[in-house]
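Below is one structure; the comments refer to it alone.
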């Protein structure tokens, strides 16, 4: 099982969607509780984000592989699907 790294901003509505999805998905599937998620605030850790290739937040990585990156106007369900993909990928590895 691999760790997920999630790049986010505190005041980002799409990041709020991702945090909500993490909570809901963990309630729906207890296996997801086993997956560690490192939350990296983009404003607080520029030295970390310099090592990753993404344009928007939330972005979810496993190692250096981008699993999901949100975009403007993306609906909650699409973000939840992206978070689920990251969980499933982390569990499969």
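What follows is calculated from the coordinates using simple rules that are stated; it is not laboratory data. These numbers come from a predicted model, not from an experiment. Neighbour counts run over all protein chains shown; Cβ positions are idealised from the backbone, glycine included.
Neighbour counting of Cβ atoms within 10 Å sorts the residues 81, 16, fewest neighbours leading, into 81, 16. For residue 81 and residue 47, the FRET efficiency from 1/(1 + (r/R0)^6), where r spans their Cβ atoms and R0 equals 22 Å, is about 0.10. The helix-only estimate of mean residue ellipticity at 222 nm for the chain, built from DSSP H runs of length n ≥ 4 each weighted as -39500 (n - 2.57), is -12500 deg cm²/dmol after division by the residue total. Counted over the chain, the DSSP beta bridges are approximately 60% antiparallel.
Look at 73, 61 and count the other Cβ atoms within 10 Å of each Cβ; fewest to most, that gives 73, 61. Highest-first packing order for the peptide set 21-27, 7-13 is 21-27, 7-13, based on the mean count of other beta carbon atoms within 10 Å. Which entry is the computed volume of the Cα convex hull per residue in Å³ for this structure: (i) 110; (ii) 100; (iii) 82? Computing volume of the Cα convex hull per residue in Å³ and matching it to (i) 110; (ii) 100; (iii) 82 gives (iii).
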